[in-house]
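Here is the structure we will look at, set down as structure tokens.
No value in this document is a laboratory result; all are computed from the given coordinates. Owing to the predicted nature of the structure, the values given are computational and were not obtained by experimental measurement. Here the Cβ is made from the backbone with ideal geometry for all residues, glycine too, and neighbour counts use every protein chain on show.
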Amino acid sequence: MKIDKPWMIWPLSVAMASVFLTGPVIANSTGLDAGQIPIEQAQKQVSDAKIAYLQRSKAKPSPAPAVPAPAAQIQMPPPEAMIIMIRSSLVALSQANVTNNYTVLNQLGSYNFRTANPPARLAELFAPFRTNKIDLAPVVFVTPQLVQQPQIVDGKLRLVGNFPTQPMRVDFDLQFEPTEGLWKLFGLSVNLNRAQAAAQPQFVPGNGAQTPGR
């Protein structure tokens with residue numbers, strides 16, 4: 001908040017008082033030169049001038065304190081954006097597993113994600129995917145389904161669901177945080193589980209190895 005310079009109250013100087021004490025010298029019958037006044041009257045005028053000066057200074061209104069603007073509310077992204085966020089994160093992981101290069105996956109994350117999970121750490125965490133030659137490419141063609149309502153907690157968006165691929169479905173638990181006006185990856189958890197023969201009804205956005213950021 002900007003604080004304006006406070007009003008300064010300066011005492012009347014002798015020079016200011018002399019304005020009331022001096023004037024042209026003209027002889028008259030009172031024994032006082034014209035333009036001169038008794039010392040008591042001069043002191044009273046100086047006192048009155050001080051009072052008037054202080055009153056004028058106090059009369060000036062102080063500037064109103066600046067009211068801080070309300071913090072912008074984080075908006076839930078539309079369903080189409082959620083699908084893109086989920087798919088792009090899993091595709092980036094799939095390509096990183098194939099190439100053993102996790103630089104792009106790291107750069108797609110927020111500052112907190114990038115700092116906590118450098119490429120070398122991501123390669124170590126997802127080594128079982130490479131060892132077992134797990135192919136995540138089908139996530140490109142399958143629409144993700146959410147098993148929990150999207151929610152924003154502590155400024156972070158959490159999306160939990162799966163890609164209903166066969167015979168193994170791809171379960172995910174993703175977290176995103178706003179960075180430079182964009183939702184960027186904050187936490188990533190991906191697992192494979194055998195698809196159920198008769199899965200419970202789930203909803204698609206719009207229809208109704210773990211790497212947490214710090």
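Observations on the model:
- Stretching residue 189 away from residue 74 to a fully extended chain increases their span by 39.1 nm, per 0.36 nm per residue minus the current alpha-carbon distance.
- Fewest-first ranking of 103, 131, using other Cβ atoms within 10 Å as the exposure measure: 131, 103
- Taking the alpha carbon gyration tensor of the stretch 79-212, multiplying each eigenvalue by 5 and rooting it gives semi-axes of 22, 20, 11 Å, largest first.
- Sorted fewest first by neighbouring Cβ atoms within 10 angstrom, 135, 173, 154 come out as 154, 135, 173.
- Segment residue 179-residue 134, length gained on full extension (0.36 nm per residue, minus Cα span): 13.1 nm
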